[in-house]
Amino acid sequence: MWIRLLRPRGRFLRVVLPAAFGVFAVLGVGVFAAGRTDSPRTAPTADRYTDLASVVQAVPPDDGPDASTGSYTEDCGRDLDGHRNADNVVISPGVAGSAHHTHEYVGNVSTDAFSSNRSLVEASTTCAGGDRSTYYWPVLRRLDRTGADAHVVGGGIDGNTGEIVTPSSVRVEFRGNPVSKVVAMPRFLRMITGDAVAVVTGDANVRAQWGCAGHPGRFTTKYTLCPRGSGPTRTLDFPSCWNGLATDSPDHRGHVVFPAANGVCPRATFPVPQLRVTLTYDLPHGTRYAVDSFPEQKRDPKTDHAMFIDVMTDGRMNELVRCVNEGRHCRPK
């Protein structure tokens, strides 16, 4: 009888107690992670920042005789309603929280992981004139404050600490091509710019352009330390050479690519209006900041990226193309 009583107790000591301690240990790590605040481990290292004075101004290519020199600028607001989530419907449709960092949206008010072409068409928009396209990018945070999402996936739990900063301005602009006229984008075209995992994959797809307000054309892949009276900017240029066939591709890049440095599109592709989104931020002089990223990317500035889904009507897109090709500078009403 005593032997039977002791054997279960021995098993309890050998199996149940260690397992229980293991559960408590996992829970303890989870609680610790959820309680993280800003620290050097979740902030970029000092070498990820550079003074604007060290940044050389870029020289754009000269326009040729057949260039499309116009522009079409939309007012889509600056996300004052806080449309944010950790989804990425272009890369991971149907998977909530797949980004492990927080995206911010302008344009279509319904965009999340479960959006479809139909749901986007039926939703409303923040863009003047009714463009239901969706434009999104990772949020920027100031590192001297604790964010309201410090205990949330996509925020502090994934190492994206700090207080989210709403842009002081968001400029959505479609531009022409320096060597030729452009053709219309197809409705529901999906595009990405930049590489959210560049720390792992290398620099081939890096398109980060950090700058300072009032200093156009001076871009770097590092965070900029701006002079007094000027805040940081992010210039997100999208690819503009479409294969004429698909609205998406398996890698989300092959169907629309960047032109050469002189503006010429690769063989078997057609120039479409080039989307440029420019984000400007007002921050106290000297305030350190960082963009959201996947945890293993350590908030490196070169991982900056953005996504776009074209939900314009054919009439609106044709209006945009005419404006750009005719060299006019237009704003929808």
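Bear in mind these aren't lab numbers, they're just calculated from the coordinates by the rules spelled out. From a predicted model like this one, the values you see are computed outputs, not experimental measurements. Positions of Cβ are backbone-derived with ideal geometry, glycine not excepted, and every protein chain shown enters the neighbour counts.
Among the listed residues 292, 282, 248, identify the single one that is out of contact with any strand residue (DSSP E or B) (no Cβ under 6 Å at 6 or more places or on another chain) and among the acidic types (Asp, Glu).
282
Does any residue of region 100-112 turn out to be out of contact with any strand residue (DSSP E or B) (no Cβ under 8 Å at 6 or more places or on another chain), surrounded by 13 or more Cβ atoms within 10 Å (Cβ to Cβ), touching a residue at least 24 places away in the same chain (Cβ under 8 Å) and aliphatic (A, V, I, L, M)? Spell out how you get there, then give the answer.
At the first step, the residues of region 100-112 found to be out of contact with any strand residue (DSSP E or B) (no Cβ under 8 Å at 6 or more places or on another chain) are 100, 110.
Cutting the leftovers down to surrounded by 13 or more Cβ atoms within 10 Å (Cβ to Cβ) gives us 100, 110.
Checking the rest, the ones that are also touching a residue at least 24 places away in the same chain (Cβ under 8 Å) come to 100.
Narrowing the set further to residues that are aliphatic (A, V, I, L, M) leaves none.
Checked against the condition, which is being out of contact with any strand residue (DSSP E or B) (no Cβ under 8 Å at 6 or more places or on another chain), surrounded by 13 or more Cβ atoms within 10 Å (Cβ to Cβ), touching a residue at least 24 places away in the same chain (Cβ under 8 Å) and aliphatic (A, V, I, L, M), region 100-112 yields no hits at all.
The rows are residues; the columns are (1) outside any loop (DSSP other than H, G, I, E, B); (2) over 12 Å from the mean Cα position of the chain (by Cα); (3) farther than 26 Å from residue 313 by Cβ; (4) polar (S, T, N, Q).
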site: 79; (1), (2), (3), (4): no, yes, no, no
site: 92; (1), (2), (3), (4): no, yes, yes, yes
site: 107; (1), (2), (3), (4): yes, yes, no, no
site: 111; (1), (2), (3), (4): no, yes, no, yes
site: 121; (1), (2), (3), (4): yes, yes, no, no
site: 129; (1), (2), (3), (4): no, yes, no, no
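Would you check which residues across region 286-306 are under 17 Å from residue 205 (Cα atoms) and part of a loop (DSSP other than H, G, I, E, B) and list them?
Residues satisfying the conditions are 293, 294, 299, 300, 304.
Taking the conditions exactly as written (in contact (Cβ under 8 Å) with a residue 24 or more places away in the chain, surrounded by fewer than 21 Cβ atoms within 10 Å (Cβ to Cβ), in a loop (DSSP other than H, G, I, E, B) and touching a strand residue (DSSP E or B) at 6+ places or on another chain (Cβ under 7 Å)), does residue 153 satisfy them or not? Please lay out each step first, then the result.
Values: in contact (Cβ under 8 Å) with a residue 24 or more places away in the chain: yes; surrounded by fewer than 21 Cβ atoms within 10 Å (Cβ to Cβ): yes; in a loop (DSSP other than H, G, I, E, B): yes; touching a strand residue (DSSP E or B) at 6+ places or on another chain (Cβ under 7 Å): no.
So residue 153 fails the test.
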Looking only at strands (runs of 3 or more DSSP E) that fall completely inside region 177-265, which ones have 1 or more residues that are of a type in the set (D, E, K, R) and closer than 21 Å to residue 323 by Cβ?
232-237
What number goes with the only condition from (1) out of contact with any Leu (no Cβ under 6 Å at 6 or more places or on another chain); (2) within 22 Å of residue 85 (Cβ to Cβ); (3) in contact (Cβ under 8 Å) with a residue 40 or more places away in the chain that residue 122 does not pass?
(3)
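Kindly establish whether residue 294 is within 26 Å of residue 108 (Cα to Cα) and among the hydrophobic types (A, V, I, L, M, F, W, C).
On the way: within 26 Å of residue 108 (Cα to Cα): yes; among the hydrophobic types (A, V, I, L, M, F, W, C): yes.
Against the criterion (within 26 Å of residue 108 (Cα to Cα) and among the hydrophobic types (A, V, I, L, M, F, W, C)), residue 294 qualifies.
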